[in-house]
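The values are calculated or read from the model by the stated rules, or taken from the named source; none is laboratory data. This is a predicted model, so every value here is computed, not measured. Glycine also receives a Cβ, built like all others from the backbone with ideal geometry; neighbour counts cover every protein chain displayed. All accessible areas refer to the heavy atoms of the entire protein, side chains included, with ligands and DNA or RNA removed. Shrake-Rupley method; radii C 1.70, N 1.55, O 1.52, S 1.80 Å.
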Amino acid sequence: MTSPVFGPPFALGDATADPAVREQHFADLAQQLAAARFHNLAYPGFTDITHPALGALLTGQLLNNVGDPYDGGHGHDHTKTYERDVINHLADLFGAPASRWGYVTSGSSEGTDHALWDARLAFPGQEPVVLASTAAHYSVAKACNRHRLTLIHVRTDPGGRMDIGDLRTVLGQFRHRPVVIVATVGTTMTEAYDDVADIATVCDDLAIVRRRIHVDAALSALPLALLPAHERPAFDFSCGATSIVNSGHKFLSTLTPCAVLIYAEPPVLARTPHVPYTGTADTTIGGSRNGHNPLRLWSALSHGLDVHRGRAERSRDLAAYTHDRLLAAGWPASRGPHAMTVVIAQPPARVCAKWVLAPDGTRAHIICKPDTDPAAIDEFVHDLTHPTTVPATPRQPAAAVLPSQVSSEVPA
Ligand SMILES: Cc1ncc(COP(=O)(O)O)c(C=O)c1O
């Protein structure tokens, strides 16, 4: 099986590129990658916002936000003021109290890792139990493994959300322990939203006060926050979340991986002492941190909320169109409320090879983005209904099946 290979023209060490050859090579690479986007229907890396005004800063300036974002440190080549502005802006949108704390991570996986590590430290001598639905992202199990925390999976309901009845049953067995519930808001495969208000209510009913509710909203936090109040699912700090993580390279189109982790209250890790060498507190998972990402986030957010609301609406409109087209073609497809994702029965191998669809063995999905070309949807539906017309040469290998993605989750 071959994938479109975008690789170097020669192995480093074998030759040296002259500047003109190097320039041409990278120009070709950019063109090939842009063309390949037409076939990427699965992954939620939005690319419609670009950042040309940041060009000189991104390519000619070292920016290292080492250590704590609230503590400048000795160096001047950082963007911590932008980082704090991004955190504050999103914290306001997600209903965080004034006591908020956060930082820009390398991605949502790191954000969840920080939240679970902090929970491990928050209850000395009492190991917290972690609960997450079977549809949670694999980063939750990875973080539990790293921090030696027990993870218990909660079933999902037919809509792909955490089953609150099952949560109540499981939590009832752990009233004597601190608990961390990881709510997924925008599950990886179906974009279902766990109900954070219901989760908090179950904890209250069972008098579980030693608790944290971390919300993994890698894709969906911002598009949901921009919905009218009466349509907005219960996912944020006003519903009981204690921390939320939201990726920048997904909806916000930062074009390099990053995420914004926000806590309602400064975590235990925020009390980590100063490092004399850097002059900042070492409150983050990494030491040196990418200082360009806060600029990319700030650049994306500076377009204003109306622009982002419009992007979310365009994505949902295209998802509705895609869903209709698939059903009209007789292909099993489903889409949850407000979702940009359309879940489909897994297509035949040659269709999966032509299109990037993230198949998991039984299902695949299309995540509609503002710049997803409707012509790609039309061509895809045609391929589904006429698979023998699709060339047999596969374009890319099928995605590996990850245990947490093979769940009982069945989209509504
Ligand atoms: C629900 C969820 N959480 C976490 C992640 C991982 O995010 P990141 O790639 O920013 O680490 C993803 C990525 O697809 C996801 O869907």
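Here are the numbers:
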read-out: Descending semi-axes in whole angstrom, ellipsoid equivalent of the chain, from the Cα gyration tensor; value: 34, 30, 19
read-out: For q = 0.23 Å⁻¹, Debye-computed log10 I/I(0) when each Cα of region 315-368 counts as one equal scatterer; value: -0.85
read-out: Burial ranking of peptide ranges 102-111, 223-232, 154-163, 319-328 (average Cβ count within 10 Å, highest at the top); value: 102-111, 154-163, 319-328, 223-232
read-out: Gap separating the Cα centres of region 119-141 and region 1-77, nearest whole Å; value: 34
read-out: Rounded, prolate or oblate (a/c below 1.5 giving rounded, otherwise prolate when a/b exceeds b/c) for region 10-60 by Cα gyration tensor; value: oblate
read-out: Gaussian network model of the chain, Cα within-10 Å springs - most flexible of Phe94, Phe123, Phe251; value: Phe123
read-out: Residue-wise HN-Hα coupling along region 39-49, computed from phi with Karplus coefficients 6.51, -1.76, 1.60 (Hz; x: Gly, Pro); value: 8, 7, 9, 9, 8, x, x, 6, 10, 6, 9
read-out: Lysine pair number, Cα distance threshold 27 Å (strictly under), the chain, separation 8 or more or different chains; value: 5
read-out: Most mobile of Pro273, Pro294, Pro257 in a GNM of the chain (Cα contacts under 10 Å); value: Pro273
read-out: Computed P(r) (all Cα pairs; region 59-301; 10 Å bins; percent); value: 8, 33, 36, 17, 4, 0
read-out: Förster radius 56 Å - calculated FRET efficiency between Val209 and Arg37, Cβ distance, rounded to 0.05; value: 0.70
read-out: Region 171-313 shape via C-alpha gyration tensor axes, a/c threshold 1.5; value: oblate
read-out: Accessible area expressed per residue, the chain, with surrounding protein chains retained (probe 1.4 Å, Å²); value: 43
read-out: Heavy-atom accessible surface of the chain: percent carbon and sulfur, 1.4 Å; value: 57
read-out: Protection proxy ranking, peptides 10-21, 377-388, average beta carbon neighbours within 10 Å, highest first; value: 377-388, 10-21
read-out: Relative packing of peptides 361-367, 189-195 - highest average C-beta neighbours within 10 Å first; value: 189-195, 361-367
read-out: Gain in span if fully extended, Thr362 to His386, counting 0.36 nm per residue against the direct Cα distance; value: 6.7 nm
read-out: Equivalent-ellipsoid semi-axes of region 271-359, from the Cα gyration tensor, Å, largest first; value: 42, 20, 12
read-out: Region 56-121 - convex hull of alpha carbons, volume per residue in Å³; value: 119
read-out: Inter-probe distance in nm under a simple model that places probes 7 Å from Cα toward Cβ, at Val307 and Glu23; value: 3.0
read-out: For region 162-170, 3J(HN,Hα) per residue [Karplus equation, 6.51 cos²θ - 1.76 cosθ + 1.60, θ = phi - 60°, Hz, x = Gly/Pro]; value: 4, 6, 5, x, 5, 4, 4, 4, 5
read-out: Added length on full extension, which subtracts the Cα-Cα distance from 0.36 nm per residue, Ser238 to Thr16; value: 74.2 nm
